[in-house]
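Taking it in order: structure first as structure tokens, then the write-up.
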Amino acid sequence: MKTFNKIFFLFVLLFGLSVGVGYSAEEGGHGVTPSQIKNLIWWSVNFLALIVLLYKLLKKPVVNFFKSRQENLLKQYEELLAKKKEAEAKYLELQEKVKNLKEEAETIYQNYIEQGIREKEKILEEAKLQAARLKEQAQLYISQEMEKAKDILRVELAQEAVKLAEEILRKNVTEEDQKVLYKNFVEQIKGRSLN
């Protein structure tokens, strides 16, 4: 009803202005004629009837349209607020994950460093043990080869000594010396076999 009152007031105001303009124009010789006033009233009544008719016919659909539009806008606004809250929560969650990822990366990096140091120490220890084993094996091999070389030298020295002794004996021993040596040798063998 408030809208209807405003429209009626506007109509009366326009009518009053037009009548006032008409009277003031008659004083100057050019004014609004009674037929023009009649037409103005007729058009105004028609316009007012059209407004009332449109108001009666379109009030509910227009009000419903604007109410549904308002409800849709409010619903969209609430959905947007909910999405904003959800996005903020997700953002905070992602920030926490990023922070945790940085900490995890640092932890993994430290673990790899520590593991590398342990592996280095393990490899060095194994290398030391391997070197010690190789040294022991080399010393054993060297001592075995030395013993072999000594044995070979003893045999060669013995052979050379025998050769040298044979040569000396051939040169210096006479037939009689050989008989005496033979006799002494036989006696020694007899003495051993008797004991």
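The values are calculated or read from the model by the stated rules, or taken from the named source; none is laboratory data. On a predicted model such as this, the values are computed, not experimentally measured, just so you know. No Cβ is skipped: glycine too gets one built from the backbone with ideal geometry, and neighbour counts run over all protein chains shown.
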Matching entry among Glu104, Glu121, Glu125, Glu114 (being at pLDDT below 90 and charged (D, E, K, R)): Glu104
Residue in region 110-121 that is over 28 Å from the mean Cα position of the chain (by Cα) and assigned to a helix (DSSP H, G or I) present: yes
Criterion: farther than 30 Å from Phe9 by Cα, of a type in the set (Val, Ile, Thr) and either in a helix (DSSP H, G or I) or in contact (Cβ under 8 Å) with a residue 12 or more places away in the chain (or both) - qualifying residue of Val52, Val63, Val98: Val98
Meets criteria (at pLDDT 90 or above, exposed (fewer than 10 other Cβ atoms within 10 Å of the Cβ) and in a helix (DSSP H, G or I)) for Ser68: no
Subset of region 149-189 (residues that are of a type in the set (D, E, K, R) and surrounded by 10 or more Cβ atoms within 10 Å (Cβ to Cβ)): Lys150, Asp151, Arg154, Glu156, Glu160, Lys163, Glu166, Glu167, Asp177, Lys179, Lys183, Glu187
